[in-house]
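Participant: What follows is a structure written as structure tokens; I'll ask about it next.
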Amino acid sequence: MISPRLAGRIIVVAVLAGGAALWISPETRMALAPLIGLAKGVPSKQPTERDGDHGPPGTIKLTADQITKARIELIAVEGCTITQQITAPGAVTPDADRIGRVAAKVVGTVAELRKRLGDSAVKGEVVAVLESREVADARSDYLAAAFRLDLQKTLFEREQMLFDKNVSAEQQYLRARNAFLDAELRANIARQKLVALGLGEAAIVNLSTHQTSGLRQIEVRAPIDGQIVERRVDLGAPVGREGQESEIYVIADLSVLWVDLSVPTSDLANVAVGQPATITAGQAGLRADAKVIFVSPILQADTRSARVIAAMDNASKAWRPGVFVTAQITVAEQSVDLCVPRSALQTIDGEQILFVRTDDGFEKREVVVGRGDGARVEIVFGLDPGEVIATTRTFVLKAELGKGEAGDDHDH
């Protein structure tokens, strides 16, 4: 609701803008006399010694040095973007797309563990070595198949040359070709078995028919870049069989984290993928920007809320999975012509006021506020772009203004 004082200002603005086209009745003129100084025969109050100290009503005299010492911050008023946000609790979790489990793909025992908890790992790096009879048998089968393939290839090429020269019979040529194709098939099967056990192409190529040592050992490599966050086995532990451990390490890339949020149904309609969010951890004093990447279409039966996931950069490694957080999700944004920090506003006699900087100090200015968010509020009337206002410690100015007005009342 606009106060009579502010209403008077609006009428004055209208009079100045409309000129002779706007007529005010004598009764209205007398009613507005205390506000706009148009009444006749009403003597103005003569300045007193106290007025000289405090200035006209609604003003506070302060020098620039006094403002600085009072730690009063100033800003020039301009436009801004008002945001509509919803608040949701949650917890930091690892990014599920950046978790790598180092699996034991064979039955065997742990021969080497080359990483400790907390160590970094690079994709493709050897992190452990296993010993396995299954691997030894598979390598032996492949070497035998590869040796037989080489032999059958040589025999087939010889028979083909003789057949082309009409020296060898067709039946003998066909037997050699079938033997070669069978050997090729068996070699490919043996190769695929090694691949399934985790041997890379380079390791298979480097196998030699003269190799007699190391057939039982197999290297286990990191599937992703990251940090060792869990070790599941000890040196010499059996792995791979039913009831035994099937993982050696868990590797996590913590440079990007997820924030798992719980959003109530009343706010869910406003949340969408791509919206920005501000994540804060009160006890840890952390703050970061995130972006919504998933809104679950399924409600949780016990809480009647939906799971919302936001992705957050963690290149500094300041955030840790498991930390409880609060998220401010921005669901709408709107530009306004003028806005001020909420800390700049004070309430006097039920009216919202700002302290506008003048040459002599500050002037109390009644304003009409509009939309707002947690930090800023729109100014609809009472302020012009570029005017400088006090934004901090405005309660000090309010108290000082109260002293001056109390002194004026005492003089009356």
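Participant: Filter region 287-323 down to residues that are among the basic types (Lys, Arg) and part of a loop (DSSP other than H, G, I, E, B) and give me whichever is most open to solvent (accessible area, probe 1.4 Å).
Facilitator: Ranking the candidates gives Arg320 first.
Participant: Further question: Of the residues Glu219, Glu134, only one is open to solvent by 80 Å² or more (accessible area, probe 1.4 Å), of a type outside the set (A, V, I, L, M, F, W, C) and either free of Cβ contacts under 8 Å to residues at least 60 places away in the same chain or touching a helix residue (DSSP H, G or I) at 6+ places or on another chain (Cβ under 8 Å) (or both); which? Before the answer, list the steps.
Facilitator: Details: Glu134 fails: open to solvent by 80 Å² or more (accessible area, probe 1.4 Å).
Just a single option satisfies the conditions, and that option is Glu219.
Participant: Can you find, within region 172-195, the residue that is nearest to Met161 (Cα to Cα) among those that are polar (S, T, N, Q) and at pLDDT below 90? Break it down into steps so the answer makes sense when it comes.
Facilitator: Narrowing region 172-195 to residues polar (S, T, N, Q): 172, 178, 188, 192.
Right, trim to at pLDDT below 90 and you get 172, 192.
Working: Gln172: 12, Gln192: 32 Å.
For region 172-195, the residue satisfying everything is Gln172.
Participant: Consider Ala179 carefully, then state whether it is in contact (Cβ under 8 Å) with a residue 24 or more places away in the chain and over 58 Å from the mean Cα position of the chain (by Cα).
Facilitator: Yes, satisfied.
Participant: If I go through region 66-90 residue by residue, how many of them are more than 30 Å from Arg393 (Cα to Cα) and open to solvent by 40 Å² or more (accessible area, probe 1.4 Å)?
Facilitator: 1
Participant: Additional query: Go through (1) at pLDDT 90 or above; (2) surrounded by fewer than 19 Cβ atoms within 10 Å (Cβ to Cβ); (3) in contact with a Leu (Cβ under 9 Å, 6 or more places away or on another chain) for Thr330 and report which single condition fails.
Facilitator: (3)
Participant: A follow-up question, please. Within region 355-384, track down each residue that is open to solvent by less than 40 Å² (accessible area, probe 1.4 Å) and closer than 15 Å to Ile67 by Cβ.
Facilitator: Phe355, Val356, Gly361, Phe362
Participant: Is there a residue being under 30 Å from Asp253 (Cβ atoms) and either touching a Pro at 6+ places or on another chain (Cβ under 8 Å) or not acidic (Asp, Glu) (or both) anywhere in region 162-176?
Facilitator: no
Participant: Okay, moving on. Every residue in region 54-82 that is among the aliphatic types (A, V, I, L, M), touching a residue at least 24 places away in the same chain (Cβ under 8 Å) and over 24 Å from Arg376 (Cα atoms), please.
Facilitator: Scanning region 54-82 gives Ile60, Leu62.
Participant: May I ask you to list the residues in region 91-115 that are outside any strand (DSSP E or B) and open to solvent by less than 40 Å² (accessible area, probe 1.4 Å)?
Facilitator: Asp95, Ala104, Val106, Lys115
Participant: Restricting to region 172-190, what's the tally of residues that are basic (Lys, Arg) and touching a Leu at 6+ places or on another chain (Cβ under 9 Å)?
Facilitator: 1
Participant: Does Ile228 qualify as being buried (at least 17 other Cβ atoms within 10 Å of the Cβ), touching a Phe, Trp or Tyr at 6+ places or on another chain (Cβ under 7 Å) and over 20 Å from Asp313 (Cβ atoms)?
Facilitator: When the stated conditions are applied, Ile228 passes them.
Participant: Filter region 293-348 down to the residues that are touching a helix residue (DSSP H, G or I) at 6+ places or on another chain (Cβ under 9 Å) and among the charged types (D, E, K, R) and list them by number.
Facilitator: If the condition is that a residue be touching a helix residue (DSSP H, G or I) at 6+ places or on another chain (Cβ under 9 Å) and among the charged types (D, E, K, R), then Arg304 is the only one that fits.
The values are calculated or read from the model by the stated rules, or taken from the named source; none is laboratory data. From a predicted model like this one, the values you see are computed outputs, not experimental measurements. Using ideal geometry, Cβ is built from the backbone for each residue, glycine included, and neighbour counts are taken over all protein chains shown. What goes into the accessible areas is simple: the full protein's heavy atoms, side chains included, and nothing from ligands, DNA or RNA. Shrake-Rupley method; radii C 1.70, N 1.55, O 1.52, S 1.80 Å.
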